[in-house]
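Enquirer: Please see the structure below; I have some questions.
The values are calculated or read from the model by the stated rules, or taken from the named source; none is laboratory data. Values in this document were obtained by computation on a predicted structure and should not be read as measured data. Cβ sites come from the backbone with ideal geometry, for glycine too, and all protein chains shown count toward neighbours. For accessibility, only protein heavy atoms count, side chains too; no ligands or nucleic acids. Shrake-Rupley method; radii C 1.70, N 1.55, O 1.52, S 1.80 Å.
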Amino acid sequence: MDLRQFLTCLSLCTAFALSKPTEKKDRVHHEPQLSDKVHNDAQSFDYDHDAFLGAEEAKTFDQLTPEESKERLGMIVDKIDADKDGFVTEGELKSWIKHAQKKYIYDNVENQWQEFDLNQDGLISWDEYRNVTYGTYLDDPDPDDGFNYKQMMVRDERRFKMADKDGDLIATKEEFTAFLHPEEYDYMKDIVVQETMEDIDKNADGFIDLEEYIGDMYSHDGNADEPEWVKTEREQFVEFRDKNRDGKMDKEETKDWILPSDYDHAEAEARHLVYESDQNKDGKLTKEEIVDKYDLFVGSQATDFGEALVRHDEF
C-alpha cells in the first residue's frame, strides 16, 4: 500500500468504505468474537485455545509435544503476570486475552513503524509523521484526488495529541497504536465520537439529526422508494438513538450508538479459565495451576489426538 492509500485509509478508519446506495453502511464498533469455534468444553477446548492465544498462534501449539506445549505456556504465564507477584488474576487474564485477540492491530503498527520512525530512535514524533504523510501534498494547492490535505492534517494532529498521553508530541509504540486504532482504547473514544460527528453533521450545528443520520448510511440516488432497512433505521433513530426525544443525537447519544457496551467476551473467558483451573479456589492462578490444565489453555499433539479420537467415536 503506497502512502496516498495509507493516508486515505487512516482518515477514514473510524468511518467505512463506500458501498452501493442500497447497501447499509455501519459505523458501529462491536467487540469481535474470540473464536469461530463453538465453546463446548465437553467436545474440545478449541475455543479456549483460540481465545487465549489468538487463532493463528493456537495453530502453532497443535504441532508441539505436551512437554513443549507446557514449557511455552509457562513462559506465557510469566508475561501475563504483569505485577510479578507470582499469581495470575482474572484481570490479568482478561488483559492478555484482549491483547492476543488484537494481534492483527499490533502487526499493522509494526508494518507502518519503520516508514515513520525516520531517525530510528524507537519513537515517532508528530513532525516525523506529518513530514512523511503530508510533506509532498501540502505543496499542491489543488490536488486532483479531491482531498483537503490541510484539513486532514489538522484532524490528524488533534488525534495524535490525544493519543500522546504525556504531551511531548512524541509517540511510543503504544501511543502510535492508539493514534492509528483509536476505537481500541478507552481514552481515545471521545475522539472517535468527535470525528464521527464531524463526518455526519453536515450543517455543523454540533448534533446529528435524523436526515443526517440516514444520509450518512444511504443515498437516494434518484430512487423515490427507500429500502425496508432504511425505514427500520428511521424507527431506530426515533425509538433508541435519540434518547431524550429532541430530534437529534448529541455527543453522548452518538457514543452510545457507535461504541455500544457490548458483552465482554474476554472478561467471560477469563472468568471461565480461572474457574476451571483454580484448584485451591483462592480466586487466582499460580503457574503450576495453569500448566496443570495446559490442555485447556493451549493445544498439543496429545490434545489433538484425544480430540481426534472423540470425533472418530462420534462417527
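Enquirer: Identify the residue in the stretch 226-252 that is of a type outside the set (D, E, K, R), part of a loop (DSSP other than H, G, I, E, B) and surrounded by 11 or more Cβ atoms within 10 Å (Cβ to Cβ) and, among all such residues, is modelled with the highest pLDDT.
Expert: The initial filter retains those residues of the stretch 226-252 that are of a type outside the set (D, E, K, R), namely 227, 229-230, 232, 236-238, 240, 244, 247, 249.
Next, from what is left, pick out any that are part of a loop (DSSP other than H, G, I, E, B): 227, 244, 247.
Remaining after also requiring surrounded by 11 or more Cβ atoms within 10 Å (Cβ to Cβ): 227, 247.
Working: Pro227: 88, Gly247: 97.
Among those that are of a type outside the set (D, E, K, R), part of a loop (DSSP other than H, G, I, E, B) and surrounded by 11 or more Cβ atoms within 10 Å (Cβ to Cβ), it is Gly247.
Enquirer: Restricting to the stretch 162-183, and then to whatever is open to solvent by 70 Å² or more (accessible area, probe 1.4 Å) and without any contact (Cβ under 8 Å) to a residue 12 or more places away in the chain, can you tell me which residue is farthest from Trp257 (Cα to Cα)?
Expert: Asp168
Enquirer: Return the total of residues in the stretch 146-156 being part of a helix (DSSP H, G or I), in contact with a Leu (Cβ under 9 Å, 6 or more places away or on another chain) and exposed (fewer than 15 other Cβ atoms within 10 Å of the Cβ).
Expert: Residues that pass the stated criteria total 1.
Enquirer: Further question on the same structure: Out of the stretch 279-301, which residues are part of a loop (DSSP other than H, G, I, E, B) and not basic (Lys, Arg)? Walk me through how you get there before you give the answer.
Expert: Let us first name the residues in the stretch 279-301 that are part of a loop (DSSP other than H, G, I, E, B), namely 279-284, 286, 293, 298-300.
Scanning the stretch 279-301 gives Gln279, Asn280, Asp282, Gly283, Thr286, Val298, Gly299, Ser300.
Enquirer: Another question, if that's okay. Out of (1) in contact with a helix residue (DSSP H, G or I) (Cβ under 9 Å, 6 or more places away or on another chain); (2) in a helix (DSSP H, G or I), what's the single condition that is false for Ala82?
Expert: Unmet for Ala82, out of (1) in contact with a helix residue (DSSP H, G or I) (Cβ under 9 Å, 6 or more places away or on another chain); (2) in a helix (DSSP H, G or I): (2).
Enquirer: Within the stretch 195-225, which residues are among the β-branched types (Val, Ile, Thr) and not in a helix (DSSP H, G or I)? Even if it seems obvious, please write down each step before you answer.
Expert: Let us first name the residues in the stretch 195-225 that are among the β-branched types (Val, Ile, Thr), namely 196, 200, 208, 214.
The one that is among the β-branched types (Val, Ile, Thr) and not in a helix (DSSP H, G or I): Ile208.
Residue by residue, here is whether (1) without any contact (Cβ under 8 Å) to a residue 40 or more places away in the chain; (2) open to solvent by 20 Å² or more (accessible area, probe 1.4 Å); (3) under 25 Å from Ser300 (Cβ atoms) holds:
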{"position": "Glu56", "(1), (2), (3)": "no, yes, yes"}
{"position": "Thr60", "(1), (2), (3)": "yes, yes, yes"}
{"position": "Asp83", "(1), (2), (3)": "yes, yes, no"}
{"position": "Ile97", "(1), (2), (3)": "no, no, yes"}
{"position": "Ile124", "(1), (2), (3)": "no, no, no"}
{"position": "Asn131", "(1), (2), (3)": "yes, yes, no"}
